[in-house]
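Here is the structure we will look at.
The values are calculated or read from the model by the stated rules, or taken from the named source; none is laboratory data. Fair warning: this is a prediction, and the values are worked out from it, not measured in the lab. All Cβ positions, glycine included, derive from the backbone under ideal geometry; neighbour counts span all protein chains shown.
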Amino acid sequence: MDVPFQALKYILNKENSNPTNPRYEPYGIFVTKKIAYKRGCRSVLYLSDAELELLKIPKSEWWRVVKFEASSEGWISWIHEREWRCPGAFKMPNTPSGVLVKDPSDAENLRDRISAEPEKFKIKPRSIIPLSVICQGLPRF
């Protein structure tokens, strides 16, 4: 996602973060767009089926397409995610820009685990950011 950190509270709302069946959880790894782009990531194309056909997007590029449709039942829209994707698996850099965790307690626990057992971590984040601090109004999980 290319959502500003402060806006993640709108993605991590009660509906999307239901503990029994969460769509999203308050954890993530982030890298710069420059690194993502160099490794083949691109922003997705939000298109209807008709637009996909009209634009003659080759099947080899369908990994970039996310459905965007209006119907009598409502919208199929994921635009709010501002998603980026890459074909295949994304190779994470050894030192990503950072990680997002739920709260300061999670940040402290992760920092302590990395310090105590660095060999268990394939990557070492440059920063650990608690979402409850940067997203005032984040729902309680």
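Structure notes:
- Listed by first and then second residue, the pairs with beta-carbon distance under 7 Å, at least 6 apart or on different chains, first residue in the stretch 60-79 and under 21 Å from L12 (Cβ atoms) and not assigned by TED's automatic domain parsing to the domain that holds Y10, second assigned to a loop (DSSP other than H, G, I, E, B) and of a type in the set (A, V, I, L, M), are V66/V44.
- Residues that are touching a residue at least 12 places away in the same chain (Cβ under 8 Å) and of a type in the set (G, A, S) were ranked within the stretch 114-133; the one that is farthest from K67 (Cα to Cα) is S127.
- Every residue from the stretch 95-111 that is at pLDDT below 95 and of a type in the set (S, T, N, Q): T95, S97
- Taking every residue in the stretch 84-113 that is touching a residue at least 12 places away in the same chain (Cβ under 8 Å) and pairing it with any residue that is among the charged types (D, E, K, R) and part of a strand (DSSP E or B), at least 6 positions away or on another chain, the pairs with Cβ-Cβ distances below 8 Å are W84/R42; R85/R42; C86/R42.
- Neighbours by Cβ (under 7 Å, 6+ apart or cross-chain): first from the stretch 30-41, assigned by TED's automatic domain parsing to the domain that holds P87; second exposed (fewer than 13 other Cβ atoms within 10 Å of the Cβ) and among the charged types (D, E, K, R): R39/K91
- Subset of the stretch 94-109 that is of a type outside the set (S, T, N, Q) and surrounded by fewer than 14 Cβ atoms within 10 Å (Cβ to Cβ) - its residue that is farthest from G137 (Cα to Cα): E108
- Segments classed as strands (runs of 3 or more DSSP E), wholly inside the stretch 1-94, with at least 2 members that are within 30 Å of F121 (Cβ to Cβ) and modelled with pLDDT of 90 or more: 28-30
- The stretch 70-89, subset small (G, A, S) and over 18 Å from K33 (Cα atoms), residue surrounded by the most Cβ atoms within 10 Å (Cβ to Cβ): S77
- Any hit, the stretch 81-88, residues being within 20 Å of F5 (Cα to Cα) and aromatic (F, W, Y): yes
- Exactly one residue out of V101, V65 is closer than 30 Å to V133 by Cβ and among the aliphatic types (A, V, I, L, M): that is V101.
- Some residue of the stretch 33-50 being closer than 18 Å to Q6 by Cβ and aliphatic (A, V, I, L, M): no
- Of the criteria (1) within 25 Å of E15 (Cβ to Cβ); (2) assigned to a helix (DSSP H, G or I); (3) hydrophobic (A, V, I, L, M, F, W, C); (4) over 20 Å from the mean Cα position of the chain (by Cα), which one V133 fails: (4)
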